[in-house]
Amino acid sequence: MSLTDEAYRRLRAEIVSVGLAPGAEVSEARLVNEFALSTAAVRGALARLRAEGLVDAVPRRGHVVSAITLRDVDEVFQMRLLLEPEAAALAAVRIDERTLESLRDQGKHDYDPASREGVAGFLAANREFHVGVAEASGNGRLAAVITRLLGEAERATHLALAAGAGERGLRLHHEHDDLVDALAGRDQVMARWHMTTALESFRGELTEILRSSEQIMTVAL
């Protein structure tokens, strides 16, 4: 792993977990000292984070963590609802047994909303589950777009999970199990339905929680 990759990984983790809140200033000098890395590595990491929309360059201030808006969240879920159910339907006829077992394991990850590390672990497992389904579709471009959308939703999802979304993971476990059963049964109709239902349910719960969060900018949807 290069120094730029290391700086990117550490800074991104702080932003996604909201250790660095929306609007927080990101000082190059502080990061160089805190991470014990070169200025070039930190600047390279910030450039990647700008490209992802996680930080904004501000004249005479350097960088700030970008805002999270309800409009952003809604647009991401609109896209996910267009793409992920179709990816699940494709996966139902293309998935292999090894991937099915991997998805079953990923879907069992629990979390404690009072633990920052627990929420981060659950978020990572949930991301791997959805990426796994997308990759099982056999369409690399589709999987790449879905993976990017999952990344764009990470901060908002982290906030919602920390506030208890997903009923401590129990509801998500059932939804993941139902989807994997449909994939194992090669049932395209039910795979599409379970993915749609899971995304719609979580979008509603996530939006309700985020509306009350001080770290979300409310924008008319």
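No value in this document is a laboratory result; all are computed from the given coordinates. These numbers were taken from a predicted model, which means no experiment stands behind them. Ideal geometry is used to build each Cβ from the backbone, glycine not excepted, and the neighbour counts take in all protein chains shown.
With 0.36 nm allotted per residue and the present C-alpha distance subtracted, the Asp181-Glu208 stretch has 6.8 nm of extension available. So if we plug the beta-carbon distance of Val64 and Thr147 into 1/(1 + (r/R0)^6) with R0 = 30 Å, what FRET efficiency do we get, rounded to 0.05? Efficiency, rounded to the nearest 0.05: 0.70. Once the Cα-Cα distance is subtracted from the 0.36 nm per residue extended length, the Met1 to Ala21 segment shows a gain of 4.6 nm. The Arg43 and Ala124 beta-carbon pair, evaluated with R₀ = 30 Å, returns a calculated FRET efficiency of approximately 0.65. Net charge in the neighbourhood of Ala136 (other residues with Cβ under 11 Å of its Cβ; Lys, Arg +1, Asp, Glu -1) is 0.
For the chain, which span is the longest to avoid every loop-located (per DSSP) member of trypsin sites (Lys or Arg not before Pro) having at most 13 other Cβ atoms inside 10 Å? In short, 109-185.
For the pair Thr197 and Asp56, label points projected 7 Å from Cα toward Cβ lie 4.0 nm apart.
Against the main long axis of the alpha-carbon atoms of the chain, helix 39-51 sits at an angle near 50°. In the neighborhood of Met79, defined by Cβ-to-Cβ distances under 15 Å, what is the net charge if each Lys or Arg adds +1 and each Asp or Glu adds -1? Combined, the nearby Lys, Arg, Asp and Glu give -3. Give me the angle, in degrees from 0 to 90, between the Cα long axis of helix 170-184 and the longest principal axis of the Cα atoms of the chain, rounded to the nearest 10. Around 50 degrees separate the two axes.
Shape analysis of the stretch 3-65 places it in the rounded category; the axes a ≥ b ≥ c from the Cα gyration tensor give an a/c below 1.5. Averaging the inverse of every distinct alpha carbon separation and then flipping it gives the Kirkwood radius. What is it for the chain, in angstrom units? Roughly 18.3 Å, rounded to one decimal. Helical content alone sets the calculated 222 nm signal of the chain at -22500 deg cm²/dmol, taking -39,500 (n - 2.57) per DSSP H segment of four or more residues and averaging over every residue.
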